[in-house]
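Structure record follows, encoded as structure tokens.
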Amino acid sequence: MAAKKEHYVNNKDFLAAMVEYRKGVLEAKANNSEKPPVTDYIGECFLKIANHLSYRPNFINYTYRDDMISDGIENCLQYLDNFNPETSNNPFAYFTQIIYYAFIRRIQKEKKQVTIKQRMIMERNYDDMSLQPGEDRDFSNQFTEFLQKNTIIEEPVKKEPKKKKSK
């Protein structure tokens, strides 16, 4: 039987690095000095987690995947001090959740931008931006009509407020 394949992030080593980093942060707070820099190993773990999570089927086909990865790493660095090894011994799961929700937030932001762009096209505000030197108004009108016919407007789904139960 083949040996069990090692996971891309070793959780035990990652936990040890997080414990060591947290000790440094707590010492810095006690001495009123600057926080220590994040170690290369911890940063490498964040990058590996974000990259591998971006290959999941629900994230792989987005053109802004690099932005999603960057947002995930940024959020990990932002919430790095909130990880407490005394309450959890699984930093991999903690930071995977942070990255996952950063991906979701980026997708929502990008969908809002697409909706804004589509509304601009439909409201013919595109005319002002589309004429280049040497183009005439007829070309612009044909292009705008083409965009309006072939653009599907996706309205963001708005959640309805929950109704309170009456007694």
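The values are calculated or read from the model by the stated rules, or taken from the named source; none is laboratory data. Computed from a prediction, not measured in an experiment: that's the story for all the values here. Neighbour counts are summed over all protein chains in view; Cβ atoms, including those assigned to glycine, are modelled from backbone coordinates with ideal geometry.
Of the listed requirements (1) touching a residue at least 24 places away in the same chain (Cβ under 8 Å); (2) of a type outside the set (K, R); (3) within 20 Å of F14 (Cα to Cα), I121 misses just one: (3). Looking at this structure, is N82 over 23 Å from N11 (Cβ atoms), loosely packed, with under 14 Cβ neighbours inside 10 Å and not aromatic (F, W, Y)? Taking the combined requirement at face value, the residue does not satisfy it. The residues of the range 85-116 that are of a type in the set (A, V, I, L, M), closer than 29 Å to D13 by Cβ and either touching a Leu at 6+ places or on another chain (Cβ under 8 Å) or outside the structural domain of P37 (by TED's automatic domain parsing) (or both) amount to a single one, I99. Return the residues of the range 42-79 that are surrounded by 17 or more Cβ atoms within 10 Å (Cβ to Cβ) and not aliphatic (A, V, I, L, M); say none if nothing qualifies. Passing the criteria: C45, F46, S54, F59, R65, D71, G72, N75, C76. Give the residue that is surrounded by the fewest Cβ atoms within 10 Å (Cβ to Cβ), with candidates limited to residues of the range 95-111 that are out of contact with any helix residue (DSSP H, G or I) (no Cβ under 6 Å at 6 or more places or on another chain) and hydrophobic (A, V, I, L, M, F, W, C). For the range 95-111, the residue satisfying everything is I104.
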